[in-house]
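Peer 1: To start, I am sharing the structure in question, which I have written as structure tokens.
Each reported figure results from applying straightforward, stated rules to the coordinates on display, with no laboratory input. The shown structure was predicted, so the numbers you read here are calculated from the model rather than taken from an experiment. Note that each Cβ is placed from the backbone with ideal geometry, even for glycine, and that neighbours are counted across all protein chains shown.
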């Protein structure tokens, strides 16, 4: 009877051992969490920027959106062909079919002048809208660059402290220590203005 009990207990121990090994293998074989790829990150950023620009366009009044669409159409080859076809048809019809506007086609010249004035105004409005969008993008770039500058300054300060704790030679991190100072955008802009002024004086 005792040998049978010992064999049963040994079998149970093996079974428990196999279960524990199976659980360990399950944890080890558990799939690792995948990080998003660079393409996915850039796609997400592009989508967010496009959504912001679309919201900005929708916030514009209906008249401004209509002007923007007309300006885009006026800058196409189709609009050029449409104008050439209209002018050619007007001249041929008034020359050979009926003489509502005979040569020198005064009414056609009036229409062309009105079209030029309206198109010029719409193009100016569209340029102002594009300049506003461009200004918002430049402001966004400036804020991101300022954040990057602060992050890099914090990392350089951390690297300098590590170099001091490791008692590295001062020459090896002297330049890095100088870069740990915060950059004042106003001072940099003043330096740019002074450099441009001195360059104009030399020229």
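Peer 1: Based on this model, can you work out whether residue 83 counts as out of contact with any strand residue (DSSP E or B) (no Cβ under 8 Å at 6 or more places or on another chain) and over 30 Å from residue 184 (Cα atoms)? Spell out the reasoning first.
Peer 2: Details: out of contact with any strand residue (DSSP E or B) (no Cβ under 8 Å at 6 or more places or on another chain): yes; over 30 Å from residue 184 (Cα atoms): yes.
Yes: the conditions hold for residue 83.
Peer 1: Any idea which of (1) surrounded by 10 or more Cβ atoms within 10 Å (Cβ to Cβ); (2) over 26 Å from the mean Cα position of the chain (by Cα); (3) assigned to a helix (DSSP H, G or I) is the one residue 181 doesn't satisfy?
Peer 2: For residue 181, the exception is condition (3).
Peer 1: Moving on to the next point. In the list 91, 49, 117, 123, which residue meets the criterion of being closer than 30 Å to residue 185 by Cα and either part of a helix (DSSP H, G or I) or without any contact (Cβ under 8 Å) to a residue 40 or more places away in the chain (or both)? Before you say what the answer is, go through the steps one by one.
Peer 2: On the way: 91 fails: closer than 30 Å to residue 185 by Cα; 117 fails: closer than 30 Å to residue 185 by Cα; 123 fails: closer than 30 Å to residue 185 by Cα.
Of the residues listed, the single one that is closer than 30 Å to residue 185 by Cα and either part of a helix (DSSP H, G or I) or without any contact (Cβ under 8 Å) to a residue 40 or more places away in the chain (or both) is 49.
Peer 1: Now a separate question. Among the residues of region 78-85, is there at least one that is touching a residue at least 24 places away in the same chain (Cβ under 8 Å) and within 27 Å of residue 134 (Cα to Cα)?
Peer 2: no
Peer 1: Take the conditions touching a helix residue (DSSP H, G or I) at 6+ places or on another chain (Cβ under 9 Å) and farther than 20 Å from residue 136 by Cβ and apply them to residue 97. Does it pass?
Peer 2: Details: touching a helix residue (DSSP H, G or I) at 6+ places or on another chain (Cβ under 9 Å): no; farther than 20 Å from residue 136 by Cβ: yes.
Taking the combined requirement at face value, the residue does not satisfy it.
Peer 1: Same structure, new question: Within region 154-163, identify whether any single residue is in contact (Cβ under 8 Å) with a residue 60 or more places away in the chain and either within 27 Å of the chain's Cα centre (by Cα) or within 30 Å of residue 52 (Cα to Cα) (or both), and answer yes or no. I'd like the intermediate steps shown before the answer.
Peer 2: So the first thing to find is which residues in region 154-163 are in contact (Cβ under 8 Å) with a residue 60 or more places away in the chain, and the list is none.
No, because not a single residue in region 154-163 is in contact (Cβ under 8 Å) with a residue 60 or more places away in the chain and either within 27 Å of the chain's Cα centre (by Cα) or within 30 Å of residue 52 (Cα to Cα) (or both).
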